[in-house]
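J.: Structure provided below as structure tokens; questions to follow.
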């Protein structure tokens, strides 16, 4: 249960989704009843049929930023930058033209402190420092930084999604974003939410289901592999979160009323479980969530979750295994593979209750 190899499985490469369904809610939905260990196959548009008016749906409203910048060093070599802490940038000037961020930099030779990275639209960044693989960069531009970023930045797609010269290019700026994204800051999408459409949310609301939002800015750490053989020794990344008083009150009322709390995505699950006390009371506030959920964890808030299919040996697979049981989850994954489900960020979904 605690060995990294316990969370491995073989996935054919053709099961890894490279682009989304043309209609978000036309993706497949594998429904798992964890008590009965029963599986059934549906279309995501049928999700409302599995919800009741007493349910409370919790979504993560983080917005993915086009935080991948392509440029070059002042010495001429190519450089690629990924902004890691967009929502928490520091040393901002009043005009918004200067700001400091923590970043990853990919180059044939790492830039030295004091040197510059040059991008389009008059944007440049001075290298302030480098520590443990992370660069601190001060961005300088003639216009507001956010304006320039949204002109020249690229969506930070996961490394397993490849983009070439497709006949019909995918509009990742639109498709790699939930329809309810409002809070800028993520560098990876809360992918379970990608299946929702505005019409589907309206139908869910018309059936009496209450929906509330939390914010957790998904970070680069979500793609980092576990490098220890005993998963209990893994130090998980931290991600900035925020829960309003109104949202916390709604969740706590639902908990007192024994209503089912349905979390959309592992990010919503981690946020709710991190922000709650031993009695399952969720506290409003903001900060950094570093909760690592693996088998043996006692869930205090979440009763049901919607999630995509996760990478082998990933912390996300460990989280859903803690919720439904490791063997049950691995069996469900094999069922999904046999039925040609699409995996990972642009893939299909599961409802676990």
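The values are calculated or read from the model by the stated rules, or taken from the named source; none is laboratory data. Owing to the predicted nature of the structure, the values given are computational and were not obtained by experimental measurement. Methodologically, a virtual Cβ is constructed for each residue, glycine included, from the backbone with ideal geometry; neighbour enumeration extends over all protein chains shown.
J.: Return the only residue of 221, 208 being part of a loop (DSSP other than H, G, I, E, B) and over 17 Å from residue 63 (Cβ atoms). Before the answer, list the steps.
T.: Details: 221 fails: part of a loop (DSSP other than H, G, I, E, B).
Unique residue meeting the criteria: 208.
J.: Separate question: Can you say whether residue 150 is surrounded by fewer than 21 Cβ atoms within 10 Å (Cβ to Cβ), part of a helix (DSSP H, G or I) and out of contact with any helix residue (DSSP H, G or I) (no Cβ under 7 Å at 6 or more places or on another chain), as far as the supplied structure shows?
T.: Taking the combined requirement at face value, the residue satisfies it.
J.: In addition: Assigned by TED's automatic domain parsing to the domain that holds residue 28, over 29 Å from residue 102 (Cβ atoms), touching a helix residue (DSSP H, G or I) at 6+ places or on another chain (Cβ under 8 Å) and surrounded by 13 or more Cβ atoms within 10 Å (Cβ to Cβ): is that true of residue 194 in this structure?
T.: Details: assigned by TED's automatic domain parsing to the domain that holds residue 28: yes; over 29 Å from residue 102 (Cβ atoms): no; touching a helix residue (DSSP H, G or I) at 6+ places or on another chain (Cβ under 8 Å): yes; surrounded by 13 or more Cβ atoms within 10 Å (Cβ to Cβ): yes.
Against the criterion (assigned by TED's automatic domain parsing to the domain that holds residue 28, over 29 Å from residue 102 (Cβ atoms), touching a helix residue (DSSP H, G or I) at 6+ places or on another chain (Cβ under 8 Å) and surrounded by 13 or more Cβ atoms within 10 Å (Cβ to Cβ)), residue 194 does not qualify.
J.: Let me ask another. Taking segment 169-178, which residues are free of Cβ contacts under 8 Å to residues at least 24 places away in the same chain and either more than 24 Å from residue 145 (Cα to Cα) or assigned to a strand (DSSP E or B) (or both)? Reasoning before the result, please.
T.: The initial filter retains those residues of segment 169-178 that are free of Cβ contacts under 8 Å to residues at least 24 places away in the same chain, namely 169, 171-172, 174.
Listed by number, the list holds a single entry, 169.
J.: Here's another thing I want to ask about it. Based on this model, can you work out whether residue 137 counts as touching a residue at least 12 places away in the same chain (Cβ under 8 Å) and over 18 Å from the mean Cα position of the chain (by Cα)?
T.: yes
J.: Examine segment 226-242 for a residue that is in contact (Cβ under 8 Å) with a residue 60 or more places away in the chain, in contact with a strand residue (DSSP E or B) (Cβ under 7 Å, 6 or more places away or on another chain) and part of a loop (DSSP other than H, G, I, E, B), and state whether such a residue exists.
T.: yes
J.: Okay, next question. Show the residue pairs meeting these rules: Cβ distance below 8 Å; 6+ apart or different chains; first residue within segment 1-18 and surrounded by 10 or more Cβ atoms within 10 Å (Cβ to Cβ); second residue modelled with pLDDT of 95 or more and in a strand (DSSP E or B).
T.: Every condition considered, the pairs that remain are 2/230; 3/230; 4/230; 11/343; 15/343; 16/343; 17/343.
J.: Hey, can you tell me all the residues within segment 243-259 that are in a loop (DSSP other than H, G, I, E, B) and crowded, with 16+ Cβ neighbours inside 10 Å?
T.: 259
J.: Quick check: anything in segment 316-327 part of a loop (DSSP other than H, G, I, E, B), buried (at least 20 other Cβ atoms within 10 Å of the Cβ) and in contact with a strand residue (DSSP E or B) (Cβ under 8 Å, 6 or more places away or on another chain)?
T.: no
J.: Taking segment 278-299 only, how many residues are crowded, with 17+ Cβ neighbours inside 10 Å and touching a strand residue (DSSP E or B) at 6+ places or on another chain (Cβ under 6 Å)?
T.: 2
J.: Please specify each residue of segment 22-40 satisfying the condition of being within 22 Å of the chain's Cα centre (by Cα) and modelled with pLDDT under 95.
T.: Hit for segment 22-40 is 22, nothing else.
J.: Name the single residue that is surrounded by the fewest Cβ atoms within 10 Å (Cβ to Cβ) among those in segment 328-344 being within 15 Å of residue 160 (Cα to Cα) and in contact with a strand residue (DSSP E or B) (Cβ under 7 Å, 6 or more places away or on another chain).
T.: Looking at the filtered set, the residue picked out is 344.
J.: Of all residues in segment 117-134 being farther than 16 Å from residue 99 by Cβ and loosely packed, with under 14 Cβ neighbours inside 10 Å, which is farthest from the chain's Cα centre (by Cα)?
T.: The extreme case among them is 120.
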